[in-house]
Structure formats: C-alpha cells, structure tokens
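The values are calculated or read from the model by the stated rules, or taken from the named source; none is laboratory data. Source: prediction; values computed, not measured. Virtual Cβ from ideal backbone geometry, glycine too; neighbours counted across all protein chains shown.
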Amino acid sequence: MTTTAIPRRSGRFRLVGAVTILVMGVGTFNATTAQAEITDGLVHHFRLDETSGTTLANSGSAGSAADATLVNPDKAALTGDGVRFNPDSYESAVDGAYVALPDDLTAGMSELTVDWDVWVDPANVGNHQMWSFGSKTGECDASSGLQGSIFASNSAERRPGDRFRVRAGATDIQQGDRLPEGAWQHVTYTQSLDEGGETWTGTLYVDGVQHAQSTGLTTPPSVNAAAGTNCNFLARSQNPGDYSFRGTISDLRVYDRAVDADEVLVLAEETNATGVTADAEAIDLGLTSAIVHDIELPEIGSVAGSEITWESSDPSVVDVYDPPETAPKVPVTGTVTRPAAGQPDATATLTATVRKGTDDVVTRDIPITVKAEFDDAQAVDRDAYDLTLYDTDDVRGNIDLPAEGEFGSTITWESTSDLVSPTGEVTRPAYGRPDVSATLTATLTQGAASQDKTFDVTIKPMPRVEEYERYFLGYFKGENIADGEQIMFATSNGNTALDWTGLTGGRPSLISQLGDQGLRDPHIVRSPDGDTFYMIATDLNWYDQGGYAINDTQHIEVFESNDLVSWTPQRHVEVAPDDAGNAFAPESLWVQEIGAYAVFWAQSLWDDPVNRTGQGNAQMWYNTTRDFQTFSEPQVWQNPAPLSRIDTTAIKVGDYYYRVTKNEAGNRGSDIFSEKHTDFLDSDIENWELVAPALGRTTWAADQGYEGPIVFEANPGDTACPGQFYLWGDRYTNGGGYQAACSEDIEAQTWEAETITMTNAGVPRPRHGTVTPITLREWNDIRGIPNSDVPTTTELTVGSPTQEGDAVTVTATVRAEDTFETGGQVRFSAGEWSETVYLDEGVASATLPTDLGAGETVRAEFLGFDILEASEDTAVTAGEVSVDVQVQPRCLAGRAYLAVRALNTDEAPAAVELTTPYGSRQFDEVAVGKSAYQAFSSRQDTLEAGTVSVTSTIGDRSSTVEAAHEAVSCG
C-alpha cells in the first residue's frame, strides 16, 4: 500500500474538480504559524523531511550535535514528508530500517512531551515499537540488560491486542482501539510530575483529543536518572526479537516539559486540518451519476482516519441508514428508491460531515442521480457496462461467462477459437505450444434491444507435468500470539508430510490488511491443470478481539499464486448471506461434474439480523466459482439443526467424495467424523453415508477435542506413509495443535497415529491449515534453491520408401533426463530443406522431400524449451534395394500356378519377401546375383490378372515392388 502524504508546514492542499468543501473549523489553515510558535522547551525537533542521506537533522535546542542516524537505509524511503520504514518486508527490530536517536535524549528532564505524526502501514503486525527511549547495561542489540524504557506501540502486549499505547516502565497508558492503519494521525504523549514530586501522570492524545491517562507512573522522563538512555530509536523495539515497525513517522518533537491541552490542540491542528480536507476529497461513492444500488457510505476517512457522518437532502430518493450500536460491522448505507420505469431519474444530495480532532470539521456535498427502473434498451446498456471478465490476458482455466445480466439481459457468447466453448470451458494448448489469442463476443438481448461487447483473451499453454515429491504447508500459529493469526508457510523435509521446516523463521509470510486483519485456517487448492493455486482463509482476529465469538463478517480472504512464492494482493470477498454472523474455515474443491470449484464454509445465522443478536446453530454453506472472483449465490450444504457442525474438508477417491467434518459438541466433546457420497453438492445430509463416526478420539487421545481436519493422498514414493492417505486433526484443547495419522484405507475407522516435527516454524505444532503435494522443482523454488535445466536426448528415425517416388517420414522422439514431460519444437533439416514441428507427447514428425536422394544426412534438432535443454540426432536416408522381379502365370497338370522370381541385382545380400493372393514366402538372405523363387498354386484351373508384391530389405534400406501379371486358363 502506498502512503498518501498529507502536505505539512505549508498549506499545499489542492481541491479537485467541482467538489464543494465548507470549512467550519476555526483557524484551520493557520496551523503552521501557530505550531511554530510552540518552541518553549523544544529540545529535539526531527522534521524528518530529508530526501537523501542517512543524517536526520535536529532543529531543536539540542542542535546538530544531537542529529539522528538512519540505520539500514536500504529498507527505508525518505519521502520528504517523513521516513517510511520497511515498506516492502517484515524485519526483526535489529535488521529492519530504524532511526538511532542520540544518547541521553531525555537526560535531566523532569517532565516530557513526545509529539509526532504517524501513518501505520496496514501490513504492520506483531510486537513492535514506534519509538523507544531505553537504558541498557550492555549493547542495545542484546535481549537482556534493560534498565527501563518508555515506548509507543500500536499493539497491546496481550489479548485483546487491538490497543494503541505508550508504556512507561511497566505501566501502559492505553484505552480503546489501536490507531487506524493506512491513515495519518497526530499523537502527543505528555508525562507531567505529580504534586508529590515522586510520580508522574502520563496522558496520551490522538489528533488533539485525550485518548488515555494513567497516574502514579514511577518511570521518570529520563527513564533512568543514574544511567541515562543509551538505546533510543524510532521504528525499533528494545527487544531485538520484536518486529521492526512498518509505517511512516514525520515531525517528531521532544519537549522537556508537559505541554498543556490547549498546546496539544495547536500541535495537532495542521495534521487535522489537512487530513480532514483530504478525507473529504477522497470520498468515492462510485458512479454517482447512475445509481442503481444501495450505496455503502464510508464512516472513516481513507487518508487521515477522520470520522464521517451522512445526511440526505431527500430521503425518498436515498435514505441514510445508521445501523444500531449492536451491529458495528454493518455499514452505514444510503438506501435507494428507484423511480418506476418511464418516470424521470431522481436526484438528491448526500452531505458528508467530516471531523478530525475537536475543531476541524468540513462538509462535502455529493450530488447523486438515481436511475429509474430500466426499459429493455437501458437494461441492456447497463448490463453491458457492468459486464466484466477477469484476467483475460492470462487464461489458465474455465472462464465464468455469465448467461444473464443483473437487469435481465440474456447473454450468449461466441469465440474466435474453438479452445473456448460458448459456456466458458477452456481447452488449453499443450505444454510447449505458444499462447493462443482469441476474441470472445457477448451478445446481450432483452426484448428488441441488443448489444455486443467483446473481450480479447490469451489462453496460456498447459504447464509441464511432473511427479509430486514434496509437500507445502499453510497454517496459522494460534490466537494467543500477537502475530499468530496470520498465514505461515512451511515445506517438508523430503518426501514425507511429517517433518517440516518453516520458511520465515516463525514470522508470517502473508499479513491481512483487510477486514478484521486476521488470517486463520488457510486452505490452498491447486487447479486441475496444475499451475494456479487459490488460497482462501478466515477473516478473523481473536487476538485483537480478545474472545471466542463470531465476528459478524460475511467475507473470506482470497489470494492467488502460480508458484506458491508470489501471491496476488489480498481480496476481501463476500460469500455468506447478509444475515450470517461469520464465514469460518473456508475450503474449496474442484468438482469435475460442474467444471468449477465448490467453496464451503461454516456459519451461524443471526436470530435477529437487524440488531445482530441471537446466534443460531453452526451450519456448512457453499457456493461455486471458476475464478475466485465471481461466486454463485450461497446455499445451505449441511444443516444438522439443532446440532452444529463446522470445518469440513474433502477429497475424491474413485467415484466417491469423502468429507471429514467436526461435530460442534463443545470443547472435549467435539470430534471429527467422515461421510461419503457420489454427489458432492447434495445438501440432504441424510443422503451422505456415515463412514467413521469418531476419527479423532479413536486415532489420538480419546479425551481431547479435534477440529480443522486435513485429508490427502500420500505422494508416490512417500517415505513415511507409502501408498496411504494422511489424516490431520487440529487438537484445539490443551494446546495440542495438529496431530497426524496414516491409513491405506480411506474408510478406516481408526488410523495409525504419527508424529509431526516442526522446525523454525514459530510453534511446535501448526494450527488449522492445508497440506499441498508439490514437485521437487516447486519445492526448490519455494526454498530459494536454484533449479538446474533438464538435459534431453533426441532420437531420430528415418522411414524407407515403399516404392520409388513415395514420401518418407522422419520422426524425432525427445526424452527428458528426469523422465517427465517434454514439449517444444524440433527442426528437421537435410541439404537446403528444413521444417520445424511441435512435439506431440514427446514426438515430432515431418515428411522428407521426394527428390531427396539416398544417403543424405537428416538432422533433428530439439530447440530446447522452458527448462528443457536442446539436443539433436542425425540419420541417413535409405535408398531403394535393387531387384529384378519377374512374374509368369503357368499351367501344370490342369492347375494354374504363378511363378515369381526376384533377382538380387544390388551390392549386398538381401532379405526378400514374395507376397501373392495365393500365399507368401520369406527368404532371409538372397546373395548378390541370386534369385528368390517360388511357384504359388491357385488350386484352380484359371488365374485372374493381378499383382504380386516383392519387398526387399538390406540394413536400413527397404523397397517394395508391385509387379503385374496376366490371366491364365488351364482348362
């Protein structure tokens, strides 16, 4: 995500277009002058407006002798409006970018103010410190020796973690939520001496408004009066094992006194003024000139986190709905009433009132036009406008081609290539073939109205087929760790799903920046073609929430990858119905019968969907998708009311689909069970055959609870469970994590328990996730191990003409050293002739020119492709074998005979075969100048005119002569 800079110190804010913004605050745009006047006690002032170098100037009274230094500058960006720390990676406190502030920063201070602007990256996660003033007995990089510190962090030390705080010694000054991420905030912390002169009061302000206060602090502003501070940082924690802060810090001020509340307002005024205006301008309600749906109205500004409230000039056109306090996740909505068909469009003005801090308020009027109900032509126009296809330049599977528009248009499709059917089924070119471009034409009709819309698509060839020899694991660590509800990755150590190494030393690989900003229960499905991975995860963060309740989200989180290394940006996708209270533990499975994926998840419906109260039983629901961009309407899949079930996983074995599900009986009473069916989407649970009623308790500890099952087939050559299936169950009681087992029988009632070993993975046992079989080359890529190209061999064979003037075929067979698939092109050449041909299942053929003589050298060059190295072979064209054939019909004792003689006139002995309608004879070796002779009896007194075939072979040369003969009658 890109930081949106709020111009500071100059009032450089520019309005765009015809947006009307009314400034209601007092003195809003005079902040720079007022702020500059608060210099009393300003010891350190780091504007952080540098654009290059590593020295950060101190313009406070301490002067240049107390300048700061940017450390690990390659991991920071000097924007001129603050220092952006670690924009591209998660780093430890020591390895990330940070600022080393001067020693003894607050020495001798009896009171303190720290004032700064901050933009917290939505990717920021885990234990971190925005700034920290610390005293250590040894090196700052040591994990021990801390003698005191004061620091700021946007995460609490323990659940609930959704807290912004300043910690002085062992006391947190915190209240409410964390600072909004992705938004500029102005923060002030003051520490004032209490009346007794021995303790302090810490007060925390956000945007000039008091956020929290704690009294009786015992850590002085100087942190350690005797030792001073020798470890003072921006974006770095005193604990080297913490994360480095991700975000931007600007205009850091340190005063040797506690500024008062009025001064806090002045210090915050510029950030508030520019921020509230920026938030007003950034409001985007979409196509406001043609509204046809209810409008989701933002409540928080996207630039500076301002509070936004709404009013409508005409509720009969658009009515502002504010949900009750019991429904904080339900958005404020502009409920639209469309005029009837044939009536004029309706207009109204939505007014956004935007507030930041105490005094800074602006309003923005947004005119909207609500379209009347459509006639046929208008419906076709709008459906055509809305019609979209995804990733058309990289088609790797079936395409979702809608058959109907939202406003009733019928949509039919045509393609310029037969690789895409009218219903979106895609046949990809073979591995080694080029991309295929095509144009899809959608024809939208309703009544007499019709309109075409075209999409250019590029169909990618199939990937190379290789055997699975390793495993990939996606998981999360748990809800009691600050970074525990994010996605972790690990790879197997060898061809076993029992021994694993984490990829990032226990730190997450993917961090949620949307929704509840948690990622649990990741599930990865490989596409049937093999080169696309879709990962879906639960939108939930119980560490921040501080409890174990449904979180009123109808969304799942979606990522895509073609290699399990690079992932697309997170998509926050609504799948559950509006009255669902959650969408937990989503999984997916390719269902061949429908040519699409089934996506299924656990949810409970609200008894009162308006107030979001009364949680119903847990059920499994599903929808279908081809691309994880567009989804069908959600449907009930498993509803055992009044009982509950969650966490279904599934596998197809033979003709049956097997699903393993958790019965939600409560804590140790919960277990996983298996069922089977030939119809995966059958929602009548009575039609599913129970296979194993208590897999967890019969396989592992009988007194524990299990959930989050995984079931998958072992790879060929698996060293732990060869020829078997794996079953994993997440023992969520007593901190057990995943347990493993194996069985040759997918229907086994009890499986053979096995032990999982995790190294460098953050936890001894992973929590709910997915195991994906992968190839050795994929495993190397994931681990950063270079893959070698694959040597190949080419074998060329040259056919022989059957008779003079016949075409001769040359065939090249290309094999890979690793025994897997080959693809690409072979160039055949001889003399001035050449022809290039694509391999088809490893074989390419061409026809030699008929005028090519005997003994010519033919070359077959495999040109190499992708990871396959080039190779070649040569062969010599064969000439005809020289024979003289004579055929004479004869009569003997009233019977007709056919006498066939083949004289070898060549230069070497030949094998000769004489073939007639009356029989054949093979001569293995006929010497030069000798003949192969045979008289064949017709067993009749007449013989019809016909032909005799004589095939002669010398080494690689072979020829066939067809010799005619006359009829004869012997009666």
**Q.** Near pairs, Cβ below 8 angstrom, 6+ apart or cross-chain, from the range 869-898 (touching a residue at least 24 places away in the same chain (Cβ under 8 Å) and on the phi < 0 side of the Ramachandran plot) to any residue that is part of a loop (DSSP other than H, G, I, E, B) and among the basic types (Lys, Arg)
**A.** ARG895/ARG939
Q) Would you pick out the residues in the range 24-49 that are more than 17 Å from ALA258 (Cα to Cα), at pLDDT 95 or above and not aliphatic (A, V, I, L, M)? A) PHE46, ARG47, ASP49
**Q.** Residues (crowded, with 18+ Cβ neighbours inside 10 Å and outside any loop (DSSP other than H, G, I, E, B)) located in the range 391-426
**A.** VAL395, ILE411, TRP413, SER415, VAL420, VAL426
(Q) Out of the residues in the range 526-549 meeting the condition of being of a type in the set (A, V, I, L, M) and surrounded by 20 or more Cβ atoms within 10 Å (Cβ to Cβ), tell me which one is modelled with the lowest pLDDT. (A) LEU540
Q | Given (1) farther than 25 Å from ALA304 by Cβ; (2) surrounded by 18 or more Cβ atoms within 10 Å (Cβ to Cβ), number of the condition SER61 does not satisfy | A | (2)
Q | Candidate set from the range 150-170 (those that are touching a strand residue (DSSP E or B) at 6+ places or on another chain (Cβ under 9 Å) and assigned to a loop (DSSP other than H, G, I, E, B)); member that is farthest from ASP483 (Cα to Cα) | A | GLY169
Q: Among the candidates ILE249, ILE283, single out the residue that is in the same structural domain as SER59 (by TED's automatic domain parsing) and among the hydrophobic types (A, V, I, L, M, F, W, C).
A: ILE249
Q. Say we look at the range 857-880 and pick out the residues that are surrounded by 15 or more Cβ atoms within 10 Å (Cβ to Cβ) and of a type in the set (S, T, N, Q); which of these is farthest from the chain's Cα centre (by Cα)?
A. THR877
**Q.** Count of the range 816-864 residues which are part of a loop (DSSP other than H, G, I, E, B), farther than 30 Å from GLU880 by Cβ and among the small types (Gly, Ala, Ser)
**A.** 4
Q: Output yes when any residue across the range 328-345 is touching a Lys or Arg at 6+ places or on another chain (Cβ under 8 Å) and either in the same structural domain as GLY208 (by TED's automatic domain parsing) or farther than 30 Å from SER450 by Cβ (or both), and no when none is.
A: yes
**Q.** Wholly enclosed strands (runs of 3 or more DSSP E) of the range 549-626 bearing at least 3 residues of a type in the set (Phe, Trp, Tyr) and in contact with a Ser or Thr (Cβ under 8 Å, 6 or more places away or on another chain)
**A.** 596-608
**Q.** the range 671-686 - residue that is touching a residue at least 40 places away in the same chain (Cβ under 8 Å) and of a type outside the set (D, E, K, R) and, of those, nearest to PHE725 (Cα to Cα)
**A.** SER674
Q: Would you check if ALA761 is in contact (Cβ under 8 Å) with a residue 24 or more places away in the chain and closer than 26 Å to PHE584 by Cα?
A: yes
Q) Do we find that ALA740 is within 23 Å of ASP499 (Cβ to Cβ), assigned to a loop (DSSP other than H, G, I, E, B) and either within 28 Å of the chain's Cα centre (by Cα) or touching a residue at least 12 places away in the same chain (Cβ under 8 Å) (or both) in this structure? A) no
Q. For the range 804-856, how many residues are crowded, with 20+ Cβ neighbours inside 10 Å and either touching a Cys at 6+ places or on another chain (Cβ under 8 Å) or of a type in the set (A, V, I, L, M, F, W, C) (or both)?
A. 11
Q: Could you list, in sequence order, all residues of the range 560-593 that are touching a Phe, Trp or Tyr at 6+ places or on another chain (Cβ under 9 Å), among the hydrophobic types (A, V, I, L, M, F, W, C) and touching a residue at least 60 places away in the same chain (Cβ under 8 Å)?
A: LEU564, PHE584, ALA585, LEU589, TRP590, VAL591
Q. Name the residues in the range 451-470 that are more than 20 Å from ASP391 (Cβ to Cβ) and either surrounded by 15 or more Cβ atoms within 10 Å (Cβ to Cβ) or free of Cβ contacts under 8 Å to residues at least 12 places away in the same chain (or both), would you?
A. GLN451, ASP452, ARG464, GLU466, TYR468, GLU469, ARG470
Q.
Of all residues being out of contact with any helix residue (DSSP H, G or I) (no Cβ under 9 Å at 6 or more places or on another chain), closer than 20 Å to VAL264 by Cα and among the polar types (S, T, N, Q) in the range 160-212, which is modelled with the lowest pLDDT? Just the residue, please.
A. GLN175
Q) In this structure, does SER670 turn out to be farther than 29 Å from PRO324 by Cα and at pLDDT 95 or above? A) no
Q. Any residue at all in the range 48-60 that is over 19 Å from GLN185 (Cβ atoms), of a type outside the set (Lys, Arg), in contact with a Pro (Cβ under 8 Å, 6 or more places away or on another chain) and without any contact (Cβ under 8 Å) to a residue 40 or more places away in the chain?
A. yes
Q: Within the range 366-385, identify whether any single residue is assigned by TED's automatic domain parsing to the domain that holds ALA430, closer than 30 Å to ILE594 by Cβ, touching a Pro at 6+ places or on another chain (Cβ under 8 Å) and surrounded by fewer than 20 Cβ atoms within 10 Å (Cβ to Cβ), and answer yes or no.
A: no
Q. Does THR349 qualify as being surrounded by 14 or more Cβ atoms within 10 Å (Cβ to Cβ), of a type in the set (Val, Ile, Thr) and closer than 30 Å to GLN446 by Cβ?
A. no
(Q) Please count how many residues of the range 358-383 are modelled with pLDDT under 95 and either part of a strand (DSSP E or B) or in contact with a Ser or Thr (Cβ under 9 Å, 6 or more places away or on another chain) (or both). (A) 2
Q | Within the range 660-735, strands (runs of 3 or more DSSP E) holding 1 or more residues that are in the same structural domain as THR496 (by TED's automatic domain parsing) and farther than 17 Å from ILE746 by Cα | A | 671-677, 706-713, 725-731
Q: Would you check if there is a residue in the range 932-947 being within 60 Å of the chain's Cα centre (by Cα), at positive phi and touching a residue at least 12 places away in the same chain (Cβ under 8 Å)?
A: no
Q) So which of PRO764, PRO716 is surrounded by fewer than 22 Cβ atoms within 10 Å (Cβ to Cβ) and at pLDDT below 95? A) PRO764
Q) Among GLN517, GLN513, which is the only one that is surrounded by fewer than 24 Cβ atoms within 10 Å (Cβ to Cβ), in a loop (DSSP other than H, G, I, E, B) and at positive phi? A) GLN517
Q) Yes or no: VAL610 under 27 Å from ILE774 (Cα atoms) and of a type in the set (A, V, I, L, M, F, W, C)? A) no
